[in-house]
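Data block below; observations after.
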Amino acid sequence: MKPFAYGKPATTAEAVRAVAAEPSAMFLAGGTNLVDHLKLGVAQPDRLVDITGLMSTEIREDDGELVIDAGVRNSDLAADRRVRERYPVLAEALLSGASPQLRNMATVGGNPLQRTRCVYFQDVTTPCNKRSPGSGCSAIGGYTRHHAILGASDQCVATHPSDMAVAMTMLDARVHVIGPSGERTLPFAELHRLPGDHPERDTTLEHGELITDITLPATSWSRRSTYRKVRDRASYAFALVSVAVGLSISDETIEDLRIAFGGVAHKPWRAKRAEEVLRGTRPSEDVFRAAADAELADAQALDGLDGGNAFKIPLAARTLAAVLRDLTAEERDR
Ligand SMILES: Cc1cc2nc3c(=O)[nH]c(=O)nc-3n(C[C@H](O)[C@H](O)[C@H](O)COP(=O)(O)OP(=O)(O)OC[C@H]3O[C@@H](n4cnc5c(N)ncnc54)[C@H](O)[C@@H]3O)c2cc1C
Ligand code: SF4
């Protein structure tokens, strides 16, 4: 591991200044992703700015919305009564991730900023444009089972790994950051980016910007929401495909809804085309299939040494239909 300086500032402003002052400096939260990357040589910061103990761990109400501070641990967020009642999709997404021990360490600020689980990204002996810009992409023509079917580029085909981020995207959450240029708020759906020509950049955050909290809006569709994750093992595995859906029904018609996919793209994939097909319709297998077809019309499978990932396209369609079937049946049974 490369030697680095370490500091534990007393205020968020000091933490921001410390990271912004050095191009390679990084914030350290729960460390469950970053410490692994230090050991593997994937991350080589000259300075770590420890924000544990600095970030608030409060979950609070604000005018009907729920504000979650960045220091809240994933396990505490999943257990919060307000989250379980009003945003079940978020509790389910959190509980589908990692292990209890990891969730006890992982934070709300660090979870969406964890980096891809592409095996080549984590292996510093292989070319990888995300880790080392311009070196090439070993995944293209390599092992692609966990890679993207939507929004990939010829520079990178990696997927984003966070389950929580898929739920947050679907919930229309807002992210608050403080950085060298001051404070700002951005829609959670704009936090992550597609790879394009700069796969080394996972997010739209500037260097030194610190996530302070995330707001969940009060909505008509978040109470009737769920997260389904399809993976190679029943637990302790990243998603091949995941689906987050929330909807409201009135007069047996889907009044409003939100959908996001995980495991299919470089960012949590908000499925607006599918939403458009479904909004205002009576739930049926035909309309579920039409929604999935509309969303996945541009999906592109990758060939690979492991047989490629074409299976993900029908898997995503079937998982979406299954979730819609369950959620709308629940509504009819109420
Ligand atoms: C074996 C294993 C299995 C896992 N399985 C899953 C899974 O199935 N699903 C899943 O979603 N996750 C999974 N994870 C990932 C885990 O959830 C993340 O590592 C964790 O959520 C990251 O949070 P952290 O607080 O530990 O972040 P850290 O590791 O401390 O930091 C991660 C990144 O975020 C930055 N950062 C942290 N906090 C802030 C902030 N407030 N503002 C700005 N930047 C910040 C850091 O600089 C770093 O770049 C798994 C991890 C392991 C080790
Ligand atoms: S898919 Fe992206 S992260 Fe994986 S090897 Fe290619 S460039 Fe690197």
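The values are calculated or read from the model by the stated rules, or taken from the named source; none is laboratory data. Computed from a predicted structure; not experimentally measured. Virtual Cβ from ideal backbone geometry, glycine too; neighbours counted across all protein chains shown. Areas reflect the complete protein model, heavy atoms only, side chains present, ligands, DNA and RNA absent. Shrake-Rupley method; radii C 1.70, N 1.55, O 1.52, S 1.80 Å.
Quick notes
- Against the list (1) more than 16 Å from ligand 2 (Cβ to nearest atom); (2) assigned to a helix (DSSP H, G or I); (3) crowded, with 19+ Cβ neighbours inside 10 Å, the condition I68 fails is (2).
- The set of residues in the stretch 259-270 being among the charged types (D, E, K, R) and crowded, with 24+ Cβ neighbours inside 10 Å consists of K267 alone.
- Only one entry of G71, G109, G134, G64 meets the criterion of being more than 9 Å from ligand 1 (Cβ to nearest atom) and in contact (Cβ under 8 Å) with a residue 24 or more places away in the chain, and that entry is G64.
- Among residues that are open to solvent by 30 Å² or more (accessible area, probe 1.4 Å) and either closer than 19 Å to I313 by Cβ or within 15 Å of the chain's Cα centre (by Cα) (or both), H160 is not included.
- Every residue from the stretch 139-152 that is within 8 Å of ligand 2 (Cβ to nearest atom), under 18 Å from H198 (Cβ atoms) and surrounded by fewer than 21 Cβ atoms within 10 Å (Cβ to Cβ): I140
- Residues that are surrounded by fewer than 22 Cβ atoms within 10 Å (Cβ to Cβ) and under 20 Å from the mean Cα position of the chain (by Cα) within the stretch 271-295 comprise K272, R273, E275, listed in sequence order.
- Strands (runs of 3 or more DSSP E) within the stretch 197-268 that include 2 or more residues among the polar types (S, T, N, Q): 210-216, 225-230, 241-250
- Among the residues of the stretch 1-21, those that are in contact with a Gly (Cβ under 9 Å, 6 or more places away or on another chain), within 24 Å of Q122 (Cβ to Cβ) and either open to solvent by 60 Å² or more (accessible area, probe 1.4 Å) or part of a loop (DSSP other than H, G, I, E, B) (or both) comprise M1, K2.
- Subset of the stretch 22-44 that is assigned to a helix (DSSP H, G or I) and under 13 Å from Q114 (Cβ atoms) - its residue that is nearest to ligand 2 (Cβ to nearest atom): H37
- Restricting attention to the stretch 121-136, the residues that are more than 28 Å from G208 (Cβ to Cβ) and within 10 Å of ligand 2 (Cβ to nearest atom) add up to 4.
- In the stretch 26-54, the residues that are buried (at least 18 other Cβ atoms within 10 Å of the Cβ), more than 9 Å from ligand 1 (Cβ to nearest atom) and farther than 16 Å from G109 by Cβ: L38, V42
- Count - residues of the stretch 109-120 that are open to solvent by less than 20 Å² (accessible area, probe 1.4 Å) and either within 9 Å of ligand 2 (Cβ to nearest atom) or more than 19 Å from the chain's Cα centre (by Cα) (or both): 2
- Residue match in the stretch 79-95 (condition: open to solvent by less than 40 Å² (accessible area, probe 1.4 Å), more than 16 Å from ligand 2 (Cβ to nearest atom) and of a type in the set (V, I, T)): yes
- For the stretch 174-196, a residue qualifies if it is of a type in the set (A, V, I, L, M) and in a strand (DSSP E or B), and the qualifying residues are V175, V177, I178, L186.
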